[in-house]
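Asks: One structure is given below, represented as structure tokens, and several questions about it will come after.
The values are calculated or read from the model by the stated rules, or taken from the named source; none is laboratory data. Being a predicted model, the structure only gives us computed values, none of them experimental. Cβ sites come from the backbone with ideal geometry, for glycine too, and all protein chains shown count toward neighbours. Side chains included, ligands, DNA and RNA excluded: accessible areas come from the protein's heavy atoms. Shrake-Rupley method; radii C 1.70, N 1.55, O 1.52, S 1.80 Å.
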Amino acid sequence: MKKFSFIFIALALSAAIRAQHVTPLDINLVDFSLDSLRTLYATDAPMYCAELERILDVQDANEKALAQARRELKDEKTHAKDVAAYLKEQEAAVSNLQKACEAEQKALSEMQTAIEKTLKKVQKTSLLNRQSQDARITALQADKKEVTRLQDELLARQKRLTAILDRVRADQTDWNTFNMEIQNKEVDLTQLENTLKVRRESVKAELKNVKASMK
């Protein structure tokens, strides 16, 4: 039963994580030049106010988009953390199964050695009658065959565990890429947020000055 439980656990761990990527930042901040706008609307303050207010409206939309991107990034960080924990547990579980297989392999080798040793003694003994000797030899050969079958099954399980571990390592590589994308996204997002903040402040200050000049 213990042997079969190893197989079921290995199968449960065999689902590899697909390569994942962060949601790209597809946010273009409104671009403008206050110097150019001042020149363009030098003789039309009301139109200049309207243009500045239009820019602020677009910046409001930019701010909402950046806030949404920040929420997405938070979810991606949480997901990356969960994946890292899962892969760590998965690798530990496979390692434990491999150790159990090694222990089972040692036990089966000891059984095989004991059977072969006993078989040689029975084959050489002259104290048993032929019928008893043949019966004992047949039983030992059956035991030897069963041990060989168990060893073959064990070898197959060890190969499957190795394949699972290879997938875990591949998933860890994918996670490293995903985590790097998260770090790059955070840098880019922070830069966009800071840029928008500076630009909004400049537009608000300009709009305030223009409105004051119209009074």
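Asks: Tell me yes or no: at least one residue of segment 46-66 is open to solvent by 90 Å² or more (accessible area, probe 1.4 Å), farther than 30 Å from Glu186 by Cβ and either free of Cβ contacts under 8 Å to residues at least 40 places away in the same chain or among the hydrophobic types (A, V, I, L, M, F, W, C) (or both).
Replies: yes
Asks: Go through Lys121, Lys88, Lys74 for me and flag whichever is among the basic types (Lys, Arg), at pLDDT below 95 and either within 31 Å of the chain's Cα centre (by Cα) or farther than 30 Å from Arg149 by Cβ (or both). Let's see the steps before the verdict.
Replies: Values: Lys121 fails: either within 31 Å of the chain's Cα centre (by Cα) or farther than 30 Å from Arg149 by Cβ (or both); Lys74 fails: at pLDDT below 95.
Answer to the selection: Lys88.
Asks: Let me ask something else about it. Does Arg199 count as on the phi < 0 side of the Ramachandran plot, touching a Phe, Trp or Tyr at 6+ places or on another chain (Cβ under 9 Å) and open to solvent by 60 Å² or more (accessible area, probe 1.4 Å)?
Replies: Numbers: on the phi < 0 side of the Ramachandran plot: yes; touching a Phe, Trp or Tyr at 6+ places or on another chain (Cβ under 9 Å): yes; open to solvent by 60 Å² or more (accessible area, probe 1.4 Å): yes.
So Arg199 fits the description; yes.
Asks: Here's another thing I want to ask about it. Tell me which residues, restricted to segment 101-131, are over 30 Å from Thr162 (Cα atoms), of a type outside the set (Val, Ile, Thr) and open to solvent by less than 50 Å² (accessible area, probe 1.4 Å).
Replies: Across segment 101-131, the qualifying residue is only Leu119.
Asks: Residue by residue through segment 161-203, note down the ones that are modelled with pLDDT of 95 or more and among the basic types (Lys, Arg).
Replies: Listed by number, the residues that qualify are Lys185, Lys197, Arg199, Arg200.
Asks: Pick from Gln98, Gln90: which is open to solvent by 50 Å² or more (accessible area, probe 1.4 Å) and not charged (D, E, K, R)?
Replies: Details: Gln90 fails: open to solvent by 50 Å² or more (accessible area, probe 1.4 Å).
Exactly one residue qualifies, and that residue is Gln98.
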